[in-house]
Amino acid sequence: MHDRPSSRLYLTRRHKCAIYGTIGVLWVSGAAWLVAHYFLRQRGPFGDAPNPAEHWLMMAHGAGAFASLWLGGWLWRGHVTPWRRNGTRRSSGNVLLWIGAVLIASGWLLYYASGESLRAGVSLLHWSVGLALAAAMLAHALRSARYRG
Ligand code: HEM
Ligand code: HEM
């Protein structure tokens, strides 16, 4: 059993707003981009054309991606390391860390990967892991109550 942690370890309402806000922007903009890209293509004078919303959605997504780098740095120092030091292991937390690592690495590759098939593979990996983030986050949140004294 782990020691009962001090209340300083618990995430406050403001912390949770920052976490859910950033992840929410990323998830919603990513999912909406998928809908616009695969289901709402427009007909232009030269055939199918991308939906103009894709550009704005990726702008929001990019803002969320930069915010997540700040959030990740803060979470590591303020949430992950303290709980680990405390001896608390949470498999859902580790799953979230792995998902974050894959999203950051594949997000970076989406900018720089050249070649159609490599980019298509990285894109598929990125958004399928991204969609799964919602389930992992839900599992992590739903079981949090038992860690609070
Ligand atoms: C990027 C990875 C992570 C994210 C985004 C994250 C996010 C969160 C959020 C939002 C909550 C509050 C849930 C709620 O009440 O709505 C929470 C709770 C908790 N997390 Fe994490 N977590 C991560 C990784 C981890 C890891 C690796 C551990 C363990 C070593 C951990 C341990 C806990 C514990 C013990 C709680 C319950 C106490 C509290 O609410 O502060 N988390 N986490
Ligand atoms: C830490 C989290 C994340 C980071 C750092 C990140 C980063 C990125 C980056 C840098 C791009 C390329 C943007 C561009 O080409 O203009 C991208 C594209 C994309 N992301 Fe994310 N992302 C994250 C989470 C998510 C999530 C949760 C989803 C959920 C669906 C998602 C879905 C997408 C989609 C659909 C694209 C477009 C793919 C394509 O152009 O083929 N991402 N992301």
When Leu69 is run through (1) surrounded by 13 or more Cβ atoms within 10 Å (Cβ to Cβ); (2) touching a residue at least 24 places away in the same chain (Cβ under 8 Å), the failure sits at (1)
Mind counting the residues in region 73-127 that are of a type in the set (Phe, Trp, Tyr) and either loosely packed, with under 11 Cβ neighbours inside 10 Å or at positive phi (or both)?
2
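Can you tell me which of Leu131, Leu75, Leu57 is within 8 Å of ligand 2 (Cβ to nearest atom) and either modelled with pLDDT of 95 or more or in a helix (DSSP H, G or I) (or both)? Full working, then the answer.
On the way: Leu75 fails: within 8 Å of ligand 2 (Cβ to nearest atom); Leu57 fails: within 8 Å of ligand 2 (Cβ to nearest atom).
The match here is Leu131.
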If a residue has to be surrounded by fewer than 18 Cβ atoms within 10 Å (Cβ to Cβ) and part of a helix (DSSP H, G or I) to count, how many in region 33-53 make the cut?
6
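Checking the structure you have, find out if any residue of region 95-105 is more than 13 Å from ligand 2 (Cβ to nearest atom), over 19 Å from Leu34 (Cα atoms) and either in a helix (DSSP H, G or I) or among the β-branched types (Val, Ile, Thr) (or both).
As a first pass, look at region 95-105 and keep what is more than 13 Å from ligand 2 (Cβ to nearest atom): 95.
Filter once more, so that each one left must be over 19 Å from Leu34 (Cα atoms): 95.
Add one more test, that the residue is either in a helix (DSSP H, G or I) or among the β-branched types (Val, Ile, Thr) (or both), and what stays is 95.
Yes.
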Would you check if there is a residue in region 35-51 being closer than 22 Å to Ser123 by Cβ, touching a Gly at 6+ places or on another chain (Cβ under 9 Å) and of a type in the set (Gly, Ala, Ser)?
no
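Return the residue satisfying two criteria in turn: it lies in region 8-48 and is of a type in the set (Gly, Ala, Ser) and within 16 Å of ligand 2 (Cβ to nearest atom), and of such residues it is nearest to Trp83 (Cα to Cα).
Of region 8-48, the ones of a type in the set (Gly, Ala, Ser) are 18, 21, 24, 29-32, 36, 44, 47.
So of that shortlist, the ones also within 16 Å of ligand 2 (Cβ to nearest atom) come out as 18, 21, 24, 29-32, 36.
Numbers: Ala18: 19, Gly21: 22, Gly24: 24, Ser29: 31, Gly30: 30, Ala31: 31, Ala32: 34, Ala36: 40 Å.
Ranking the qualifying residues of region 8-48, first place goes to Ala18.
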Which residue, of Trp127, Trp98, is among the aromatic types (Phe, Trp, Tyr) and touching a Leu at 6+ places or on another chain (Cβ under 9 Å)?
Trp127
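Looking at this structure, is Ala136 in a helix (DSSP H, G or I) and surrounded by fewer than 16 Cβ atoms within 10 Å (Cβ to Cβ)? Steps first, answer last, please.
Numbers: in a helix (DSSP H, G or I): yes; surrounded by fewer than 16 Cβ atoms within 10 Å (Cβ to Cβ): no.
Here the answer is no, as Ala136 does not meet what is asked.
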Index of the failed condition, Gly62 passing every other in (1) near ligand 2 (Cβ under 10 Å from one of its atoms); (2) crowded, with 16+ Cβ neighbours inside 10 Å
(2)
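Here are some residues: Ala135, Ala145. Which one is under 18 Å from Lys16 (Cα atoms) and more than 19 Å from the chain's Cα centre (by Cα)? Spell out how you get there, then give the answer.
Details: Ala135 fails: more than 19 Å from the chain's Cα centre (by Cα).
After ruling out the rest, the residue left standing is Ala145.
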For a quick check of your reading of the model, give me the residue pairs whose first member lies in region 130-149 and is in contact (Cβ under 8 Å) with a residue 40 or more places away in the chain, whose second is loosely packed, with under 12 Cβ neighbours inside 10 Å and part of a loop (DSSP other than H, G, I, E, B), with beta-carbon atoms closer than 6 Å and at least 6 apart or on different chains.
Gly149/Arg4
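Given the options Val80, Val122, Val95, name the one that is at pLDDT 95 or above and near ligand 1 (Cβ under 8 Å from one of its atoms). Walk me through how you get there before you give the answer.
Working: Val122 fails: near ligand 1 (Cβ under 8 Å from one of its atoms); Val95 fails: near ligand 1 (Cβ under 8 Å from one of its atoms).
Val80 is the lone residue from the list that is at pLDDT 95 or above and near ligand 1 (Cβ under 8 Å from one of its atoms).
The values are calculated or read from the model by the stated rules, or taken from the named source; none is laboratory data. These figures come from a predicted structure and were not determined experimentally. Cβ atoms come from the backbone with ideal geometry, glycine included; neighbour counts cover every protein chain shown.
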